[in-house]
Each structure stands twice: as C-alpha cells, then as structure tokens.
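Read the structure below first, then the notes.
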There are 2 protein chains.
Amino acid sequence: MRTVTAEIITIGDEILFGQIVDTNSAWMGTELTKLGIRVKQITSVSDEVSHIVAALNDARTRADVILMTGGLGPTKDDLTKTVLTAYFNTELQLHEPSLADVKAIFKNRNIELSELNRQQAFLPAACTPVRNAIGTAPGMWFEEDGKVFVSMPGVPFEMKRMMTDIVLPRLKEFFDTPQIIHKVVQTVGIPESTLAETLEPWETNLPPHIRLAYLPHINGVRLRLTGTGQEPEKLEDDLLEQLNQLTDLISPYIFAYGEISLEEVVGMLLNARNYTIATAESCTGGYLAHKITSIAGSSMYFMGSVIAYHNDVKVKELKVNPETLAQHGAVSEEVVREMAENVRLKFGTNVGIATSGVAGPDGGTPDKPVGTIWIAYADKEKTVTKLLRYNKGRLLNIEYTAMVALNLIRQSLTGTVEE
Amino acid sequence: MRTVTAEIITIGDEILFGQIVDTNSAWMGTELTKLGIRVKQITSVSDEVSHIVAALNDARTRADVILMTGGLGPTKDDLTKTVLTAYFNTELQLHEPSLADVKAIFKNRNIELSELNRQQAFLPAACTPVRNAIGTAPGMWFEEDGKVFVSMPGVPFEMKRMMTDIVLPRLKEFFDTPQIIHKVVQTVGIPESTLAETLEPWETNLPPHIRLAYLPHINGVRLRLTGTGQEPEKLEDDLLEQLNQLTDLISPYIFAYGEISLEEVVGMLLNARNYTIATAESCTGGYLAHKITSIAGSSMYFMGSVIAYHNDVKVKELKVNPETLAQHGAVSEEVVREMAENVRLKFGTNVGIATSGVAGPDGGTPDKPVGTIWIAYADKEKTVTKLLRYNKGRLLNIEYTAMVALNLIRQSLTGTVEE
C-alpha cells in the first residue's frame, strides 16, 4: 500500500518574525502520524499572494494532502480565502449555515455583527465548508486531481476542534490509510554517540519496515521505532520483538517506554514503595523541587525542601557541621552527604536528595571550577554520592544537575546505581 | 537599500512527526528580524537526501541567506553534512581545531572519544567551519553566488550560542545591513488588549520609520519599537522621544527597558537596598526560588527557602499556627501571611515572600477552585497579600504565580503596590 503524504502550510508573518512559536504544526504532525499519514514538509510563508500560491504549487507535487492554517481573519492582511478562490478558479458565494454560526457567536457575545464578519460567511463555491463550531472563520475543503486541500484558522483551539471533529475522520475515509505504529524508548545517562555505537549492529539488521530515530534532549536521548505495515497485530509483534532486543542491549539506561518524563517515573517509583521525599538544594536553588512538583499528584510523596543557598542556612536548618564546611567547602562530597541525610531526618521522609555545586558563571576556583557539582541520595540504608563536571552555562548546569539527581533517585530505588 | 531576505530550513523527522515543537525557528526569526533581515519562509523537511536538496534549491531562488538546523548528529539518520558536501561539490577533510574541541569535550566528560564522534570533525573543504563551543557538531558556512548557507546543530543551546557568537555578527558584516535600532519596553500586570487601547492614539501618530510590535508572554507584554534609518544618532533621538511619550502613558506597568527579566530587576532592587530575601512556597514548589536563583550573583541577596508542600512542614518549619490552618485552610490569606512573615524571621532576611494555592489539576473545591492562589510579601514595615484566580493548567499556574510574586516584590520595594 502506498504511503499517504501530507504537507502543512502556515500562513502569516507572526511566525516568520518569531513573534509566536508554531505549536499548531507539531500538534497536526502528531495527529496525522497517528493516522498513518506521513508529513513530508512544514512550510511557513508570509501573507503574500504569490508566496502562498508558490507554496501550494510546490506542496501538491509532493503530497496528497495539503493542510493550511492562518490568514482567515476578517482583516485586510488575511489573504488565504482570496488566494484559494482564485487558485481553484471559483467565486465566493454566501454559505447560509456559516452565516447562521457567525450570527450566533456575535449574539452570544452581545456584539453587533459587523460587515467584515458577515463576509466571513462567503466561501468559495468549489469548496466543501468545514464548520467552525467555536469561531467566526469557517474552514474549507477542496479536492483536485485526487489531492485534498484544507484551510483552517490559525487559532489553536479552533483548528484542533475542526481537525478532530471533521478533517481527520474525513481524511481517514478519503485515503483508506496504512498502519503506522511508533514506540518510544527513553534513555538517560548515556551519550548519544555511545548509544549509537552500542546499537549499530542491531540497527543495521532492522527489517526494512521498521526505522530507528535518535531524539537527543538535555534530559537524555529518546529512541523512536517506527513501523509501517498492513496488519496492525503483526506490526505490533514485530515492534515488540525489536523493543526486546533493544532493551537487552541498553537496559540500565532505559527509564521509560512511551511519553513519560523522568520526574513522572520517579514519582511512580516513590508511590509504588509508599515512600516520601524531601530535597536539600544549594546550586539547584529550588529547581529540583520544581521538577518533582511539576507532576500532578506529587503532594502524595513530596513533603518539602530546604533551599540552603547561604552557608548559614546549611548549618542552621540542615545541621551541616561547620567544621565539615570549613574543612571541605560547601561544594564537597562531605557537605552534600550531610545535607541529604539531614533533610531526610528533618522532614521524616524515606528519601533525601541534595545538591551543592558551582552553577556559575562566577564562584569557580582552580580546584572547583564552574560546573563542579555534588549530588547525594540518602535513604534508611545507604547514602550515594555523585560528582558532576558539566558547564554549559548557569541555567543548563542547573537543569542538568536536576536531571542527574532525578536519575540518581531512580537508580537508587531500582538498585541500578553505577559504580 | 535592498532588504536582505532569509529562509530557515529545519531538517529532521521529529519536527514533522510532531515529536518536538520547533522553537528554534521562532528564536532565529526574532534575531534575524532584529538585524533587519526579513525571513521569507521557514521549511521543515524530512531526513531524505532528495528532499533536503529540493528545499535548498527552492530557498536559494527566494532568499539571500539560508540557515539550516538539524541533522548534524553522529548517527546514521543525520544526513545534512553528507548532503551539503555533495551539494557544494566538495569533499570531507579533517578540521584539526574541531577535532581538538571534540576531544576536549570528551576528556572533560571523562569518556573515550568514539570513532563516530571523531568523524564529526571531518568537514566539507569548501566551508568555513563555525565553531561549536559547547557541543560535538561544528557548524558550516558556505558562500555561493553571493548567497550564504549556514548549517547548525538542532540542539537549541548549541544553535543559539553559534548564532549569537558567530553567525549573526558575520551576516551583519557580509550584507552590510541597514541601521535598525530596537528599544524594548517590558510591562507586567496589564492585559494586551487594555495596553493596545491605551496606546492606540499614540501608536497611530508614530512616524513612518518607527514601528511598534506587541510581544505577549506569560510574564507580561513586551513592547518593541523598531526604528530604521541612515543616521544612528538621529534615529536614537527619535526613538527616545517616543519612549518618553510611551512611558508617560503606562509608567506603572513598566518594569524594565531592554532585555532584562523581572527576576533580574528584583535582584537589582534588592541589591540596591542591601536587602536579603527568603521564600516560603507551597503551590509554586520551588519555582519561585528557582526564578530568583536563575540570576547570576543571586547569592548576594537570596538566603534560602522553605518549601512547605505538606501542612506539617508549614506548621513545623514555618510556625504557621495549626488553628489558622484548621480554620482557614492552607490556601488562605491568613496562612500565606504567616508563611511570609515567619520565613523572614526564620532566615533573618529583610523580605519574605510566600505562595499557597491550588495548582491543579486536582484539589479544587467549590469554594477554592483550581487556580485560587494567595501570595504574601512581608518586610519590617508591612505585609501585603494578593489573591489570584488563574487556571491555565498546572505548569502555567505555577509560572504565572511566580511572575506575580516577583512583581509584588518589585511593587513593594518601589512603593507602587496597586490597591
């Protein structure tokens, strides 16, 4: 079966000038992929007639479906409807159901219907109107030479509603799409290149209908297996077989299958053990606690933190021995160990986790340059410490430290701490 | 003077499949716009040789500069370097300085250099290498027919560093771009629509060589005045005159001129008064402390925090009266007031700031729905409280709360708290 291909065209200067981030395309890409439609290109063009036409002409040479967003507002700089009317050699005519929708919206808002908004109910005669249940600009569905062109508003919630309710079901029916299944494996603590070398022999032997992609991120490298086929069950089996082989090769570094974050995994591990946790943070300054509490329901296991930026706070609140501080300095294995052990006792939690390091850009010494960071994990049975040397600027140093700390919790709870 | 045009090409299936949102292009669009270079198109293409080549061929018909990101990793699915080597009819050769950089990075991480990473130091002979100070994939700068092609990694912080340090200055020089001066005015606490209504008469009367842009963000609305001209001094004068008029209209809402963050402004206000600060956080879970400590040098004024997620911690560590808790609940003016006042006394700081609210998605009640958040500021003379009702999802609720708390510190220190 031939793969159905799609292209997305976003229209409007605000994306080109960087005034807004294009989140629509990622959402559409996800939904089309789930449907088995392969997105070939995403193109953002300016509000210019010739440029929009050129983009349409290019796209139809490559794709079966062209999805457009933006340029449907009532103002002068919104050109999409005008362009499409000319492009499909048709003319505008009043679409009564759309006019009724627009009128209802204005009545609901208690505003008088303006002439500009009335004009939004005039649509190209050649299109099938796509109802906008929550906004004033209807969408348009065109078919030509077996290809589909859909124009939708750029307002994210209007576009999403239209896609979900109307466009995606209609595309599925129109193209009778093949089966595509993705499996995501998330790793942490192994550099992309080491991962690639480890996986190379296996990757080379992957069957042709399964592909591997590396998606690196500060929090680790995500691996994505994509399978294409006819029979969903066989495809699922093929993918699971490859997932098992993959797992055998890199199991200690895998923290999740699917779209789950490391902090979510840590929360699940704590919950499963009925454990509570507290943090004692110096260099991360609250960011580690923030990551933990970014998860809904974290109040089940997170008790609280002491952020001990100043050494006085380390001594007074975390009972770090002033002699330890004087002898080894705040950024030391000895101090971070006391911080983790003592915050655990202070809050009566099962787990204590602590950070102390030189986040930079200042504060480094020859002995302890910027990016020297100590982390400690403590529970009833053990205390584990880890030294990082990582310097990519203050904010990334903080984020990276929090990620390694979360991984240290995961490793400690699952008994997989590296030596 | 002719306008220099640019196109951005992002390479990689992960954007097309919606697995990551393309934030790089928006950032690049902003920076190019600031330089006076007009972005004509942003194109995301898949990891396929013919597709990348087609995108390059299309782009060069429209633009003077083609900036590419992605596809430079050490793995098989990364094709950009191979494609560019063929496209510019050249060959790979070892670039010794890049090899030295890659080696240094691996030495620093205490990992052995792999053959795959060694290959990253092989670059097309026809390019000028662009140094990657913080990653293993160098960038490449090509020139052909008066056009510039630059390839950079897709990792945002590596791309940004490369753009800022090398690519943008080199483009400015290469194209001798016109004089463009930007003035940024940052506002907080006023909605975009109110701002637009207030500024409309003034905006309408702006001289043609000065343009205004609204850049809304969760942290407030940034206003950017852009002046284009020949004589820098006159342009600067014209912009300052408009800045003064603008300031007269919205002065209470302006927290900064230029690219300074609210947390940086708060740090400067504290430093100027020789004040110290501590936070007591419930719903923000450390995020407020993180914002404060994201600023280099914040150890001058930030002492530490108690994150009191569990009520026991509020009572034990922050001495919140259990009767206050029982009577009013954790999310109440009374409790947040005690938290702010007591954390100030506990850490011996000039200022205490506290948050307590329902971040969601669960935990709401009819009386205190999700998004009900109390904030308190305390110093020697006064305690100021503020109630928020804001619900855009857990993470945004947390971010918004931290922003309002920072603004409350700013307003309290400058004596401009609203009634």
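Quick rundown of the values:
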| item | result |
| --- | --- |
| Partner lysines for B:Lys183 [C-alpha distance under 17 Å; skip if fewer than 8 residues away on the same chain] | B:Lys34, B:Lys234 |
| Alpha-carbon centroids, the stretch B:372-419 and the stretch A:248-326: separation in whole Å | 26 Å |
| Beta bridges per DSSP with both ends in chain A, % antiparallel, nearest 5 | 60 percent |
| Descending semi-axes in Å of chain B, equivalent ellipsoid built from Cα gyration tensor | 46, 29, 19 |
| Residue-averaged 222 nm ellipticity for chain A, from DSSP H runs of 4+ at -39500 (n - 2.57), nearest 500 | -12000 deg cm²/dmol |
| Label geometry 7 Å along the beta-carbon vector: A:Val21 inter-copy distances in nm | 0.5 |
| Antiparallel DSSP beta bridges within the stretch B:262-414, as percent of all bridges there, nearest 5 | 55 percent |
| Quarter of the Cα convex hull surface for the stretch A:18-59, i.e. its orientation-mean projected area (nm²) | 3.5 nm² |
| Over the stretch B:124-167, volume per residue of the alpha carbon convex hull, in Å³ | 68 Å³ |
| Ascending list, in nanometres, of distances separating the A:Glu323 label from those of the other copies (7 Å, Cα toward Cβ) | 4.5 |
| Per-residue average of Cβ from other chains inside 10 Å of A:352-359 | 1 |
| Built amide H within the under 5 Å cut-off of B:Phe122, gap 5+ | B:His95 |
| Proxy reagent accessibility, fewest Cβ within 10 Å first, across B:Leu84, A:Leu249 | A:Leu249, B:Leu84 |
| Convex hull volume per residue for the stretch A:5-175, taking Cα atoms only, in Å³ | 109 Å³ |
| Cα pair distances in the stretch B:112-268, grouped into 10 Å bins until the bin that holds the longest one, percent each | 9, 27, 25, 22, 13, 4, 0 |
| The protein assembly as shown: antiparallel DSSP beta bridges as a percent of all, rounded to 5 | 65 percent |
| Unit Cα scatterers, Debye sum, the stretch B:307-419: log10 I(q)/I(0) for q = 0.10, 0.21 Å⁻¹ | -0.27, -1.18 |
| For the stretch A:220-242 versus the stretch B:35-65, the gap between their alpha-carbon centres in whole angstrom | 32 Å |
| Label point 7 Å beyond Cα along the C-beta direction, distances from B:Gly415 to other copies (nm, shortest first) | 6.6 |
| Cα-based shape type of the stretch B:5-92, given that a ≥ b ≥ c are square roots of the gyration tensor eigenvalues and the cut on a/c is 1.5 | oblate |
| Over the protein assembly as shown, volume per residue of the alpha carbon convex hull, in Å³ | 185 Å³ |
| Per principal axis, descending, Cα span of the stretch B:1-41 in whole Å | 41, 13, 9 |
| For residues of B:134-143, the mean tally of beta carbons on other chains within 10 Å | 1 |
| Residue order, fewest to most beta carbons within 10 Å, for B:Thr69, B:Thr5, B:Thr128 | B:Thr128, B:Thr5, B:Thr69 |
| Cβ neighbours within 10 Å from other chains - mean over A:21-29 | 6 |
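Each reported figure results from applying straightforward, stated rules to the coordinates on display, with no laboratory input. Only a predicted model underlies this, so the values are computations on that prediction, with no experimental measurement involved. Neighbour counts run over all protein chains shown; Cβ positions are idealised from the backbone, glycine included.
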